[in-house]
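For reference, the structure is listed below as structure tokens.
The values are calculated or read from the model by the stated rules, or taken from the named source; none is laboratory data. This structure is a prediction, so every number in the text was calculated from the model and none was measured. Note: ideal-geometry Cβ built from the backbone for every residue, glycine included; neighbour counts use all protein chains shown.
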């Protein structure tokens, strides 16, 4: 008994191992000393990602000479790809390599993409000749466009695949079975997003300034250096990381449940759930994963765990599945409505990298003697996050805890819903500011001078950027923690990719929405809402439309949240 107690104090209880595959010790692995390397790595990777994201639309219009609508569409497609590929990384991690090795693999792929991107911006033969704004410019050749997009999409693939594995690896450094370490996991998610924001802040200042005032190649070069440092920092932390090994192909387990359910569809579920199939208490149902308690919803799936006499002779996983395996599928199904309701948020969020930036390009960007690149306005989004995150954690959570009695102050779903309200307000503010901008253009006779700088400060856009940042503190951080916490142990990386999947679907949908709105509003000789001449366009109408759609989505989300059932796992210590 004393030996068992000493082992519990010495080793982690959640099944994690060190890099050599030995059971992880609490003293020498994990906690902030290991998570710190993940956070620094994330900050450096964010310098790279946002160094591209913040100013990509201007590179496409000013260097590759694409139209505003085409550039906005391409940015949305690229951003969507850099998110949807999270499913690839999550799948590889959970199935074959584990979080550590998948993160390492895609960090090197990311670095290769950045080297190619820097070369495409540096070599004259890989870009069209420069020309003055407002003049018909020579478009990029197919070869020039192909090289650029190959490089930037290689980075998008790596960025998405790396992200859920890295965030999950950081969370794995805190033992969920240890009451002293568990509260630190919630703090970790807040600091994880803070580290992303610090990187984005550097990208919005140093990188953007370099791109606009020195050269694009130097700006992308800074991103490449940051990527190289990210690889080095991550590898230095290797001996300290706690790792969850791969638990096998989760898609196979899902299909096994579905096939077994269909085969036993005609059977009646037993009244006693304990009669359903589960492996012995001292064995995990899925390698390295805790068992999941039975739930009473989606009961038709329980048929996959009904035991027939023929099943006892030789267990066939395509005929008989464990309760935990069935509950894995239930968890995924329960999370899908939350994922779907997050897509509208992502559509609205994507406007910050496209329409907000195009608005800023028509306004006065001077701050005293200094000229601020329009893309640098995202610094106010970053500052909003840096201010609101500690404010939420240190002040709002203790205050809310008094009323809700919840240890987090708000549940993850309540936190996500609050962010939906805030981003809806950002669209209202954006519409009001755009009405004023169009008024200034009209009053100064510049409606047909799209290249002219309006006598209106670009800092009028700060409130909408600030509100978007505040919404991220609630919705994005809430989604990251929600999908990690509600995913079964054997699907943690794949589940963590759902937040990025929602972002990807939002960006793809935004591109589709822009195309549809352009087509519908530009018929019969009318100027479309998102025309190349922003002074004749009507971004304000588009923002009002998004505010209304977000309000409808909020109602849908509240219904989904009300009926959601949280996962309940069985601790290793209770088996």
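What's the number of the only condition in (1) assigned to a helix (DSSP H, G or I); (2) surrounded by fewer than 16 Cβ atoms within 10 Å (Cβ to Cβ) that residue 130 fails to meet?
(1)
Looking at this structure, is residue 461 touching a strand residue (DSSP E or B) at 6+ places or on another chain (Cβ under 9 Å), surrounded by 22 or more Cβ atoms within 10 Å (Cβ to Cβ) and either free of Cβ contacts under 8 Å to residues at least 12 places away in the same chain or under 25 Å from residue 198 (Cα atoms) (or both)? Don't jump to the end; show me each part of the working.
Details: touching a strand residue (DSSP E or B) at 6+ places or on another chain (Cβ under 9 Å): yes; surrounded by 22 or more Cβ atoms within 10 Å (Cβ to Cβ): yes; either free of Cβ contacts under 8 Å to residues at least 12 places away in the same chain or under 25 Å from residue 198 (Cα atoms) (or both): yes.
So residue 461 fits the description; yes.
Just checking, which of 55, 74 is at pLDDT below 90 and crowded, with 22+ Cβ neighbours inside 10 Å?
Only one candidate passes the filter, namely 55.
So, in region 256-296, how many residues would count as being assigned to a loop (DSSP other than H, G, I, E, B), under 37 Å from the mean Cα position of the chain (by Cα) and modelled with pLDDT under 85?
Selection size over region 256-296: 13.
Does residue 567 satisfy the condition of being in contact with a helix residue (DSSP H, G or I) (Cβ under 6 Å, 6 or more places away or on another chain), touching a residue at least 12 places away in the same chain (Cβ under 8 Å), part of a loop (DSSP other than H, G, I, E, B) and under 29 Å from residue 192 (Cα atoms)?
In short, yes.
Does residue 354 fit the bill of being at pLDDT 90 or above and assigned by TED's automatic domain parsing to the domain that holds residue 498?
Against the criterion (at pLDDT 90 or above and assigned by TED's automatic domain parsing to the domain that holds residue 498), residue 354 does not qualify.
Count, please, the residues in region 486-522 that happen to be out of contact with any helix residue (DSSP H, G or I) (no Cβ under 7 Å at 6 or more places or on another chain) and either within 30 Å of residue 201 (Cβ to Cβ) or in contact (Cβ under 8 Å) with a residue 24 or more places away in the chain (or both). Let's see the steps before the verdict.
The first filter runs over region 486-522 and keeps only residues out of contact with any helix residue (DSSP H, G or I) (no Cβ under 7 Å at 6 or more places or on another chain), leaving 489, 512, 516, 519-522.
Cutting the leftovers down to either within 30 Å of residue 201 (Cβ to Cβ) or in contact (Cβ under 8 Å) with a residue 24 or more places away in the chain (or both) gives us 489.
Matching residues across region 486-522 total 1.
With 60, 111 as the choices, which residue is within 20 Å of residue 38 (Cβ to Cβ), in the same structural domain as residue 502 (by TED's automatic domain parsing) and in contact with a helix residue (DSSP H, G or I) (Cβ under 6 Å, 6 or more places away or on another chain)?
None of the others qualify; the one that does is 111.
Please indicate, with yes or no, whether at least one residue in region 446-453 is surrounded by fewer than 18 Cβ atoms within 10 Å (Cβ to Cβ), assigned to a helix (DSSP H, G or I) and either in contact (Cβ under 8 Å) with a residue 12 or more places away in the chain or in contact with a helix residue (DSSP H, G or I) (Cβ under 8 Å, 6 or more places away or on another chain) (or both).
Within region 446-453 (the criterion being surrounded by fewer than 18 Cβ atoms within 10 Å (Cβ to Cβ), assigned to a helix (DSSP H, G or I) and either in contact (Cβ under 8 Å) with a residue 12 or more places away in the chain or in contact with a helix residue (DSSP H, G or I) (Cβ under 8 Å, 6 or more places away or on another chain) (or both)), the answer is no, since none of the residues qualifies.
Answer yes or no: is there a residue in region 261-278 that is assigned by TED's automatic domain parsing to the domain that holds residue 297 and closer than 30 Å to residue 25 by Cα.
There is at least one residue in region 261-278 that is assigned by TED's automatic domain parsing to the domain that holds residue 297 and closer than 30 Å to residue 25 by Cα.
Restrict the check to region 512-532 and report whether at least one residue is over 26 Å from the mean Cα position of the chain (by Cα), buried (at least 24 other Cβ atoms within 10 Å of the Cβ) and in the same structural domain as residue 428 (by TED's automatic domain parsing).
Scanning region 512-532 turns up at least one residue that is over 26 Å from the mean Cα position of the chain (by Cα), buried (at least 24 other Cβ atoms within 10 Å of the Cβ) and in the same structural domain as residue 428 (by TED's automatic domain parsing).
Any residue at all in region 359-375 that is out of contact with any helix residue (DSSP H, G or I) (no Cβ under 7 Å at 6 or more places or on another chain), surrounded by 14 or more Cβ atoms within 10 Å (Cβ to Cβ) and either modelled with pLDDT of 90 or more or within 27 Å of residue 515 (Cα to Cα) (or both)?
Within region 359-375, one or more residues are out of contact with any helix residue (DSSP H, G or I) (no Cβ under 7 Å at 6 or more places or on another chain), surrounded by 14 or more Cβ atoms within 10 Å (Cβ to Cβ) and either modelled with pLDDT of 90 or more or within 27 Å of residue 515 (Cα to Cα) (or both).
Determine whether residue 401 is without any contact (Cβ under 8 Å) to a residue 24 or more places away in the chain and more than 15 Å from the chain's Cα centre (by Cα).
In short, yes.
Answer with yes or no whether residue 504 is in the same structural domain as residue 67 (by TED's automatic domain parsing), closer than 26 Å to residue 567 by Cα and crowded, with 21+ Cβ neighbours inside 10 Å.
For residue 504, the condition - in the same structural domain as residue 67 (by TED's automatic domain parsing), closer than 26 Å to residue 567 by Cα and crowded, with 21+ Cβ neighbours inside 10 Å - is met.
Being assigned by TED's automatic domain parsing to the domain that holds residue 346 and within 19 Å of residue 170 (Cα to Cα) narrows it down to one residue among 102, 48, 85, 79; which is it?
Just a single option satisfies the conditions, and that option is 102.
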